[in-house]
Amino acid sequence: MTLNEICVLTNEIDEQKIITLPRLITEDVTPEKLADLMAENNEKMALLSAEGGGIFNIMAGRYASDGKANLEIFLKGFSGDYCAVDRIGRGANYPGGRITPCS
């Protein structure tokens, strides 16, 4: 095999989309990670918990450095509204994701 053939094969491999199993359920998740999970899973995610209270503590600001509530992703996900996350190290845009909260 020549170096040129190796380069062509390497480029073909790099261009292939990596297929992953869908993950549609989460429980203890920050708003930022929820946006990432939704972007990776066709804009859908279910928040399921036998206890049910944990997600409300997270919405109220459990993981926020300032302790303030961060409801944006949860509200938009519940109603199916457009949501764009544009921050350094993050970039998740989806036209209208869905979040299903259950406890």
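The values are calculated or read from the model by the stated rules, or taken from the named source; none is laboratory data. All values derive from a computational prediction rather than experimental measurement. As a convention, Cβ positions derive from the backbone with ideal geometry for all residues, glycine included, and neighbour counts pool all protein chains shown.
Quick rundown of the values:
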quantity	calculated
Which numbered condition LYS17 fails, given (1) within 24 Å of ASP86 (Cα to Cα); (2) in a helix (DSSP H, G or I)	(2)
Output for region 7-25, where each listed residue is modelled with pLDDT of 90 or more and under 22 Å from the mean Cα position of the chain (by Cα)	ILE25
Cross-chain or 6+ apart pairs with Cβ under 8 Å, region 1-22 first and of a type in the set (S, T, N, Q), then in a helix (DSSP H, G or I) and surrounded by 10 or more Cβ atoms within 10 Å (Cβ to Cβ)	THR20/GLU40
Pair list, Cβ < 7 Å and 6+ apart or interchain, from region 76-90 residues that are of a type outside the set (A, V, I, L, M, F, W, C) to residues that are outside any loop (DSSP other than H, G, I, E, B) and modelled with pLDDT under 70	GLY77/ARG98; GLY77/ILE99; GLY80/ARG98
Selection count where residues are part of a loop (DSSP other than H, G, I, E, B) and either aliphatic (A, V, I, L, M) or surrounded by 15 or more Cβ atoms within 10 Å (Cβ to Cβ) (or both), scope region 28-37	1
Count of residues meeting criterion [surrounded by 11 or more Cβ atoms within 10 Å (Cβ to Cβ) and farther than 30 Å from LEU71 by Cα] in region 9-27	1
